[in-house]
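Here's the structure, in structure tokens; my notes come after.
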Amino acid sequence: MGLYETPDYTVSYKENEFEIREYSDFYIVEYQNERDQFSDNGFGTLFKYISQDNQENQKIKMTIPVFEEIRAEGQSMAFVVPSANWNNIPRPNDPSLKIKKFEKGIFAVIRYSGTSGEMKERKMMGHLEIWMAANGYRKSSNFMLAFYNPPFMPPMFRRNEIMVRVTKDGIGGD
């Protein structure tokens, strides 16, 4: 996995498949289209963006993971912008793409392998919520899916994660 850049984070606590991570700020290019609520065209649109379909006509290196944020009205999809581009992020040509800063913060994460589908994702979100409650963490954002591998990777070797921004009971607030 050393071929692709990932966002910087530190692990402050680990228990089996669960982690508490502190992420540093980074930038994403997010696909959100009200006519495509479940981001069916998200990956292709984002891939075209990094393949020079941007206002600077600049090729951008692929990064991992690909994020999907679960929202009440559907989901969005995002690529991480390589740190080498942070001072001059190419502007998207497609109006469904937006450059956003992913703010630093504390996240609870569950890691799992195999294929990821709605039933498995809901099951993993449930496990993560139970673990968070047992450890005094409260959810303070939408759930995000993080996919690290291409679709041709054998399922048993795939790295998938579900993460959510959290606060610790008794520390800070929402």
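Just so it is clear, none of the values below were taken in a lab; they were calculated from the coordinates. All values reported here derive from a predicted model rather than from experimental measurement. Neighbour counts run over all protein chains shown; Cβ positions are idealised from the backbone, glycine included.
Summary of values
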{"quantity": "Total residues in region 143-174, condition among the basic types (Lys, Arg) and assigned to a strand (DSSP E or B)", "calculated": "2"}
{"quantity": "Any hit, region 67-75, residues being of a type in the set (A, V, I, L, M, F, W, C), touching a residue at least 24 places away in the same chain (Cβ under 8 Å) and under 24 Å from residue 25 (Cα atoms)", "calculated": "yes"}
{"quantity": "Selection within region 42-96 - within 20 Å of residue 4 (Cα to Cα), of a type outside the set (Val, Ile, Thr) and in a loop (DSSP other than H, G, I, E, B)", "calculated": "52, 58, 61, 62, 65, 82, 86, 87, 88, 90"}
{"quantity": "Exclusive hit being exposed (fewer than 13 other Cβ atoms within 10 Å of the Cβ), over 23 Å from residue 9 (Cα atoms) and in contact (Cβ under 8 Å) with a residue 40 or more places away in the chain, set 155, 151, 92", "calculated": "155"}
{"quantity": "Complete set of residues in region 24-45 that are under 24 Å from residue 106 (Cα atoms), surrounded by fewer than 17 Cβ atoms within 10 Å (Cβ to Cβ) and in contact with a Ser or Thr (Cβ under 9 Å, 6 or more places away or on another chain)", "calculated": "24"}
{"quantity": "Single residue of region 55-89 satisfying the filter (more than 26 Å from residue 10 (Cα to Cα) and touching a Phe, Trp or Tyr at 6+ places or on another chain (Cβ under 8 Å)) that is surrounded by the most Cβ atoms within 10 Å (Cβ to Cβ)", "calculated": "75"}
{"quantity": "Per-region count, region 128-142, residues loosely packed, with under 13 Cβ neighbours inside 10 Å and either polar (S, T, N, Q) or part of a loop (DSSP other than H, G, I, E, B) (or both)", "calculated": "1"}
{"quantity": "Listing of strands (runs of 3 or more DSSP E) fully contained in region 1-40 that carry 2 or more residues being over 17 Å from residue 89 (Cβ atoms)", "calculated": "9-15, 18-23"}
{"quantity": "Selection from region 14-23 of residues that are surrounded by 12 or more Cβ atoms within 10 Å (Cβ to Cβ) and touching a residue at least 24 places away in the same chain (Cβ under 8 Å)", "calculated": "17, 18, 19, 20, 21, 22, 23"}
{"quantity": "Region 95-127, subset of a type outside the set (D, E, K, R) and farther than 18 Å from residue 161 by Cα, residue surrounded by the most Cβ atoms within 10 Å (Cβ to Cβ)", "calculated": "97"}
{"quantity": "Residues of region 35-77 that turn out to be under 20 Å from residue 164 (Cα atoms) and of a type in the set (Gly, Ala, Ser), as a count", "calculated": "4"}
